[in-house]
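Following: one structure in structure tokens, then a few remarks.
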Amino acid sequence: MRTTARTSRRAMTFAVVAALATGLLAGCATDDDSGSDGGSSGGAGNKGGTTVTIGTFGVFGYKQAGLYDEYMKLHPGVTIKENVTTRTDVYWPKTLTRLQAGSGTDDIQAIEVGNITEAVQTQADKFVDLGKEVDKSQWLDWKNAQATTKDGKLIGLGTDVGPMAICYRKDLFEKAGLETDRTKLAAQWKGDWNKYVDLGKQYMKKAPGKTKYVDSASSVYNAALGGESQRYYDKDGNVIWDKSSGVKKSWNAAMEVATSNMSAKLKQFDKPWDQGFANGTFATVACPAWMLGYIQEKSGDSGKGKWDVAAAPTAANWGGSFIGVPTASKHQKEAIALAKWLTAPAQQAKVFAKQASFPSTPSAYAGLKPQAATTTFFSDAPLTQIFSDSAKTIPVQVFGIKDQPIGTAITDTGILQVEQKGKSPAQGWDAATKEVKDVLDQ
Amino acid sequence: MTSSDEALAQSATSADTAPGSQEPGAARGAQGRGTAPTGAGTWRSRLYRWDMKASPYAFISPFFIIFGAFSLVPLLYTAWYSLHHVQLSNLDGQTWAGLDNYTNLFQSDFFWNALKNTFTIGVISTVPQLIAAIWLAHMLNYRLRGSTVWRVVMLTPYATSVAAATLVFVLLFSPDTGMINWALDLVGIDPVNWRESDWGSQAAVSSIVIWRWTGYNALIYLAAMQAIPADLYESAALDGANRWQQFRHVTIPMLRPTILFTVVVSTIGATQLFGEPLLFGGVSGTKGGSEHQYQTLGLYMYDQGWIVGNLGKASAIAWSMFLILLIVAAVNLLITRRLRKSQ
């Protein structure tokens, strides 16, 4: 009797320890997932020679498109290792500190468009000038301009760009009695985001079920601002966000959305937003090319053939990255060669076929082939045509060092207060002003 | 009587044999080995004496070296940064700011808002959590079938990672599709926008903290309760005290030091609250909601330092947090002393 009690207690203690240990380990795993390096190597079988490391955030599609394996086959002496940090807010500070310390960087570092100006203005001497290594005319002019310093040094090669279109639910539009043909629709709102918003008022009059016209006011703001040349800074690097014509136009369009009933009031890339695609709670979303895959994945089969794509009111850009070679890289020569190869038109086209990341090199546009599944999902819309038209006409935008935090202050404080808490646009603007001052305070 | 005599005798003998209790360890050790080093001047005996003196320091040094490298140096470096204008993108280009960062901070609404939130979230998470923990511990202190199972179950939330727990709570508190609004709807209460309403978001964040830490504190209380001699309860029962009276007049007074300990630990935890509100906020969690309604000091520091890149200001926030913790510790010390005197 007694012994059995003791053994069972011992077994129980063991179970506790085991449970705790697995719990802690699981904890580490989940934490890691959202934080530090989730290292993943490019391929096996290539031992010896040089190992070139590439540091990225999120999915770049190189591995998915098999580019690493292909390159290693072409260059038997080279092994590629990709270090992925999924969260940009973790990736960029880490990269900044490593660049300045001059150690710990990867041989190739990815730079997000929101950080490129900061890199150009403060880290230019930490990067190799790639302008001498490549034929710059391959890239879109505005893409090159973003990564070029005042004295003409190119610190990063453009990967993808984010030309904008409007993704809309054909079936919901039909029920609401709106035009469903993509070219006629595009003509209805061409040139002005306010026309796009006005159509929303029409939609809401006969909106099917509980559906809304657009996912959020912030997405309209971001999309509209993506087509303005004047943003938060002027050419000399002065903050002009509160006088900027681009900000004013975009803010007003967003306020129209936030104060009328046409927004589903979701926050992009939040769980409820994902569910919004699956449940079909909104009829349109401003979609840069890279968002197509996301929409397709989150909507699942329920959205197949119901979504369509029309040209956006103005040619606009949202997102896109660069890859640069830090001077601290130990294998500069190999790294430059790899960066050149990865961003060449042929490779960018391969990434597009797999990941729908849109090339920044116009010569790739002729041969672009989106995946068959994506085309059928979006009702056979001429995706490459729509996005390349947009990409070629996007204006050169002036960025500044704190573009990203200023943008977040406007969308996540100013617009969100109006949209979610029923504040007046003036109150929202005041809150955003206060927030931007806090951001710029040194 | 006899047992205490025995105990006395035993302690006397153990004192005799206890190493180093009556004579300095070094001398004793030398005697013990005796034979080898005879002359006090030989290098071997000197080495030996040096070894006896230095070894203990060598043995405890790993902690202090690691503490110095990973705690003390960063602490001082942060203090240095807090007196400068420093941007994350330009670490070498710092300029002297004196106390500017601090004066700016004390004039900033965002700082006071974060401090206020840290305090209110701290109170509404710590108080219910500790009360629930005592109650749970009291229940578990009774004879129960499978008591170990209950104790293990209580500790599981603590073993869950913050990230996993918070993600589940985010789903529960989702305004449109969450289970909590659905349940409220069943009883006829209007849905709450848990992320954007002021008290709603704070309550939601607190609930994650309470869920994670209640079992942990309950186990600490339980351990303390089991150390209370049973005869106290017996005599209380003889005097006619019911269970509630026993709890109030025997358990609580005997638990006082333990309660103080948990209060101190929970207060420190509450002041540093970071992971739960960050993940609860979703995509731009460092803002703590559109009106910063659940932005804690930890979040504000992270936002300023790593998102916005104002490292000098972030360092000033870090040091302010440190000073606040020192004040909290001092207040706790005062209260402890008071209580001891009153006993």
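The values are calculated or read from the model by the stated rules, or taken from the named source; none is laboratory data. Please read all numbers here as calculations on a predicted model, not as lab measurements. Note that we place each Cβ from the backbone using ideal geometry, even for glycine, and neighbour counts take in every protein chain shown. Just the protein is used for accessible areas: all its heavy atoms, side chains included, with ligands, DNA and RNA removed. Shrake-Rupley method; radii C 1.70, N 1.55, O 1.52, S 1.80 Å.
Out of the residues in the stretch A:318-330 that are of a type outside the set (Gly, Ala, Ser) and modelled with pLDDT under 95, state the one that is least open to solvent (accessible area, probe 1.4 Å).
A:318
I'm checking my understanding of the structure. Among residues of the stretch A:86-103 that are open to solvent by 50 Å² or more (accessible area, probe 1.4 Å) and not in a helix (DSSP H, G or I), which one is farthest from residue A:61 (Cα to Cα)?
Looking at residues that are open to solvent by 50 Å² or more (accessible area, probe 1.4 Å) and not in a helix (DSSP H, G or I), I get A:103.
Does the stretch B:228-246 include one or more residues that are buried (at least 17 other Cβ atoms within 10 Å of the Cβ), on the phi < 0 side of the Ramachandran plot and acidic (Asp, Glu)?
Scanning the stretch B:228-246, I find no residue that is buried (at least 17 other Cβ atoms within 10 Å of the Cβ), on the phi < 0 side of the Ramachandran plot and acidic (Asp, Glu), so the answer is no.
Could you pull out the residue among A:183, A:159 that is over 29 Å from residue A:399 (Cβ atoms), modelled with pLDDT of 95 or more and of a type in the set (Val, Ile, Thr)?
It is A:183.
Does residue A:143 satisfy the criteria of being part of a strand (DSSP E or B) and away from chain B (no Cβ under 14 Å)?
Judged against the criteria, residue A:143 is not a match.
Which condition number does residue A:335 fail, the rest of (1) in contact with a helix residue (DSSP H, G or I) (Cβ under 6 Å, 6 or more places away or on another chain); (2) open to solvent by less than 30 Å² (accessible area, probe 1.4 Å); (3) of a type outside the set (Phe, Trp, Tyr); (4) over 26 Å from residue A:382 (Cα atoms) being met?
Of the numbered conditions (1) in contact with a helix residue (DSSP H, G or I) (Cβ under 6 Å, 6 or more places away or on another chain); (2) open to solvent by less than 30 Å² (accessible area, probe 1.4 Å); (3) of a type outside the set (Phe, Trp, Tyr); (4) over 26 Å from residue A:382 (Cα atoms), the odd one out for residue A:335 is (1).
Test residue B:192 against the criterion of being assigned to a loop (DSSP other than H, G, I, E, B), at pLDDT 90 or above and of a type outside the set (Phe, Trp, Tyr), and give yes or no.
In short, yes.
Does any residue in the stretch B:186-203 that is in contact (Cβ under 8 Å) with a residue 60 or more places away in the chain come within less than 7 Å, Cβ to Cβ, of a residue that is open to solvent by 30 Å² or more (accessible area, probe 1.4 Å) and among the hydrophobic types (A, V, I, L, M, F, W, C) six or more places away or on a different chain, and which pairs are these?
Cβ pairs passing all conditions: B:202/B:124; B:203/B:124.
Residues in the stretch A:254-293 that are in contact with a Phe, Trp or Tyr (Cβ under 6 Å, 6 or more places away or on another chain) and more than 13 Å from chain B (Cβ to nearest Cβ): how many?
Of the residues in the stretch A:254-293, 6 are in contact with a Phe, Trp or Tyr (Cβ under 6 Å, 6 or more places away or on another chain) and more than 13 Å from chain B (Cβ to nearest Cβ).
Out of the residues in the stretch B:174-190 meeting the condition of being more than 8 Å from every other protein chain (Cβ to nearest Cβ) and surrounded by 14 or more Cβ atoms within 10 Å (Cβ to Cβ), tell me which one is farthest from residue A:415 (Cα to Cα).
B:184
Out of the stretch A:176-201, which residues are more than 26 Å from residue A:246 (Cβ to Cβ) and either part of a helix (DSSP H, G or I) or of a type in the set (Phe, Trp, Tyr) (or both)?
Of everything in the stretch A:176-201, those that are more than 26 Å from residue A:246 (Cβ to Cβ) and either part of a helix (DSSP H, G or I) or of a type in the set (Phe, Trp, Tyr) (or both) turn out to be A:182, A:183, A:184.
Is at least one residue of the stretch A:226-239 of a type outside the set (Gly, Ala, Ser), assigned to a loop (DSSP other than H, G, I, E, B) and open to solvent by less than 20 Å² (accessible area, probe 1.4 Å)?
Yes, because at least one residue in the stretch A:226-239 is of a type outside the set (Gly, Ala, Ser), assigned to a loop (DSSP other than H, G, I, E, B) and open to solvent by less than 20 Å² (accessible area, probe 1.4 Å).
Quick check: is even one residue across the stretch A:124-134 part of a helix (DSSP H, G or I), closer than 25 Å to residue A:289 by Cα and either within 14 Å of chain B (Cβ to nearest Cβ) or at pLDDT 95 or above (or both)?
No, the stretch A:124-134 contains no residue that is part of a helix (DSSP H, G or I), closer than 25 Å to residue A:289 by Cα and either within 14 Å of chain B (Cβ to nearest Cβ) or at pLDDT 95 or above (or both).
Within the stretch A:274-285, which residues are part of a helix (DSSP H, G or I) and surrounded by fewer than 22 Cβ atoms within 10 Å (Cβ to Cβ)?
Listed by number, the residues that qualify are A:274, A:275, A:278, A:279.
Can you name the residue in the stretch A:151-168 that is free of Cβ contacts under 8 Å to residues at least 60 places away in the same chain and open to solvent by 10 Å² or more (accessible area, probe 1.4 Å) and, of all such residues, is nearest to residue A:59 (Cα to Cα)?
So the residue we want is A:153.
For the stretch B:192-210, state whether one or more residues are more than 19 Å from residue B:116 (Cα to Cα) and open to solvent by 50 Å² or more (accessible area, probe 1.4 Å).
The answer is no; no qualifying residue exists.
For the stretch B:288-309, how many residues are within 11 Å of chain A (Cβ to nearest Cβ), buried (at least 24 other Cβ atoms within 10 Å of the Cβ) and over 14 Å from residue B:203 (Cα atoms)?
6
With (1) small (Gly, Ala, Ser); (2) farther than 30 Å from residue B:176 by Cβ; (3) over 25 Å from the mean Cα position of the chain (by Cα) as the list, and residue B:200 as the residue in question, which single condition is left unmet?
Going through the list (1) small (Gly, Ala, Ser); (2) farther than 30 Å from residue B:176 by Cβ; (3) over 25 Å from the mean Cα position of the chain (by Cα), residue B:200 breaks only (2).
Residue A:240 passes all but one of (1) in contact (Cβ under 8 Å) with a residue 60 or more places away in the chain; (2) over 27 Å from residue B:172 (Cα atoms); (3) aliphatic (A, V, I, L, M); which number fails?
(1)
List every residue pair whose Cβ atoms sit under 8 Å apart, with the two residues 6 or more apart in sequence or on different chains, where the first one lies in the stretch A:249-261 and is outside any helix (DSSP H, G or I) and the second, anywhere, is crowded, with 21+ Cβ neighbours inside 10 Å.
A:260/A:200; A:261/A:212
Look at the stretch B:95-111 and say how many of its residues are facing chain A (nearest Cβ under 8 Å), assigned to a helix (DSSP H, G or I) and over 27 Å from the mean Cα position of the chain (by Cα).
2
Would you point out which residue out of B:136, B:167, B:171, B:140 is open to solvent by less than 40 Å² (accessible area, probe 1.4 Å), in a helix (DSSP H, G or I) and either touching a Phe, Trp or Tyr at 6+ places or on another chain (Cβ under 9 Å) or within 14 Å of chain A (Cβ to nearest Cβ) (or both)?
One residue alone meets the criteria, B:140.
Filter the stretch A:397-420 down to residues that are touching an Asp or Glu at 6+ places or on another chain (Cβ under 6 Å) and open to solvent by 20 Å² or more (accessible area, probe 1.4 Å) and give me whichever is nearest to residue B:288 (Cα to Cα).
Across the stretch A:397-420, the extreme among qualifying residues is A:420.
Any idea which of B:325, B:334 is of a type outside the set (Asp, Glu) and surrounded by 13 or more Cβ atoms within 10 Å (Cβ to Cβ)?
Step by step, each of B:325, B:334 is checked, and only B:325 is of a type outside the set (Asp, Glu) and surrounded by 13 or more Cβ atoms within 10 Å (Cβ to Cβ).
Residues of the stretch B:76-116 being more than 29 Å from residue A:95 (Cβ to Cβ) and in contact (Cβ under 8 Å) with a residue 12 or more places away in the chain, which ones?
Residues satisfying the conditions are B:98, B:99, B:102, B:113, B:115.
Quick check: is even one residue across the stretch B:109-119 surrounded by fewer than 18 Cβ atoms within 10 Å (Cβ to Cβ), in contact with a Pro (Cβ under 9 Å, 6 or more places away or on another chain) and of a type in the set (Lys, Arg)?
There is no residue in the stretch B:109-119 that is surrounded by fewer than 18 Cβ atoms within 10 Å (Cβ to Cβ), in contact with a Pro (Cβ under 9 Å, 6 or more places away or on another chain) and of a type in the set (Lys, Arg).
Residue check, residue A:80 against (1) open to solvent by 10 Å² or more (accessible area, probe 1.4 Å); (2) more than 14 Å from every other protein chain (Cβ to nearest Cβ); (3) in contact with a Gly (Cβ under 6 Å, 6 or more places away or on another chain); (4) β-branched (Val, Ile, Thr), all met but one. Which one?
If we test residue A:80 against (1) open to solvent by 10 Å² or more (accessible area, probe 1.4 Å); (2) more than 14 Å from every other protein chain (Cβ to nearest Cβ); (3) in contact with a Gly (Cβ under 6 Å, 6 or more places away or on another chain); (4) β-branched (Val, Ile, Thr), just (1) comes out false.
Search the stretch A:356-383 for residues being part of a loop (DSSP other than H, G, I, E, B) and open to solvent by less than 10 Å² (accessible area, probe 1.4 Å), and hand back the single one that is farthest from residue A:309 (Cα to Cα).
Looking at the filtered set, the residue picked out is A:361.
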